[in-house]
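What follows is a single structure, written as structure tokens, with notes after it.
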Amino acid sequence: MGRILLPALALFAVSFADGVQAALPTYELTIRDGHFEPATIEVPARQRFKIVIHNAGSGPIEFESTPLRVEKVLSPGVTSFVVIHPLKPGRYPFFDEFHMDLPEGEIIAR
């Protein structure tokens, strides 16, 4: 009986984890040579969320935000994601550390 129960529990745990991950509100962000599209992302305050980051540029990028304590380096053509903890209402800047001369983007939590 134990040999049947353990695989079933493992399958349930994986399915549950996938469901929890899929339930996060998700926002798309494309970075092309230091330019953000969109430059502003509006999110609900006090709720975890995910940002899927696409590097559509010709060189590496580094999505970084000091107040959010997050950074992610992506090679050209790579897509990845970051999960952001629940935010208090406010504005949270982010930037591409490899293109500090270009304008920042921001997340607005309402």
Q: Give me the net charge of P86's neighbourhood, meaning all other residues with Cβ under 12 Å from the Cβ of P86; Lys, Arg count +1, Asp, Glu -1.
A: +3
(Q) Given a 1.4 angstrom probe, I'd like the percentage of the accessible area of segment 22-110 that is carbon and sulfur, rounded to a whole number. (A) 52 percent
Q. Could you give the radius of gyration (one decimal) and Dmax (whole number) of the Cα atoms in segment 26-109, in Å?
A. 11.8, 35
Q. Can you put D33, D96, D101 in order of accessible area, largest first, using a 1.4 Å probe?
A. D101, D33, D96
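The values are calculated or read from the model by the stated rules, or taken from the named source; none is laboratory data. Keep in mind the model is a prediction, meaning the values are calculated, not measured. Because the Cβ atoms are built from the backbone with ideal geometry, glycine has one as well, and the counts that use them run over all protein chains shown. Surface areas here come from the heavy atoms of the whole protein model, side chains and all, with no ligands, DNA or RNA. Shrake-Rupley method; radii C 1.70, N 1.55, O 1.52, S 1.80 Å.
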